[in-house]
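Values in this text are rule-based calculations from the coordinates and carry no lab data. For clarity, every value in this text was computed on a predicted model and none was experimentally measured.
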Amino acid sequence: MTRVFTAKSAKTLFGQVLEEARVSPVEITKNGRTFAYMISAEKYNELVQSKESHGSDPVELFCAGKISKERAISLMGFRDYSDLLIEVGERGLQLPKLPEDEIVAMKNVFLKLRKEFRDE
């Protein structure tokens, strides 16, 4: 469970905050809002290695149309597509671009439906 400290109490209890951060992330608030998180060096290194192993940020790759929404959801550990879209919006990224194969598949379905409609 994440422990929460105000910026003022974190300053006063810095040693305790460091010890807490070794076990789990510590949230630092300022003026009633989340200002920062403190994590252990081990957790930080895990996060850095995880990002490096993916080569790039999965959300950015998704927005560029380089990976599927399913892959981005899996890599980010999100619950579903809505979590991914929320992350895209919170980062102020452009709406996702569809991969070329999905565009082609949609086009083919549209052309098939159009032909069927005209043949009636």
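Here are some notes:
- Comparing 66, 30, 43 in a Gaussian network model of the chain (Cα springs below 10 Å), the most mobile by mean-square fluctuation is 30.
- Per-residue HN-Hα couplings for region 28-35 [Karplus 6.51, -1.76, 1.60; θ = phi - 60°; Hz; x = Gly/Pro]: 10, 10, 9, 6, x, 10, 4, 10
- Relative to the longest principal axis of the Cα atoms of the chain, the long axis of helix 100-119 makes an angle of roughly 30 degrees.
- 5 angstrom amide H check on residue 29, placed H, neighbours 5+ away: 5, 6, 7, 35
- Within the chain, helix-based [θ] at 222 nm, where runs of 4 or more DSSP H residues each add -39,500 (n - 2.57), nearest 500: -18500 deg cm²/dmol
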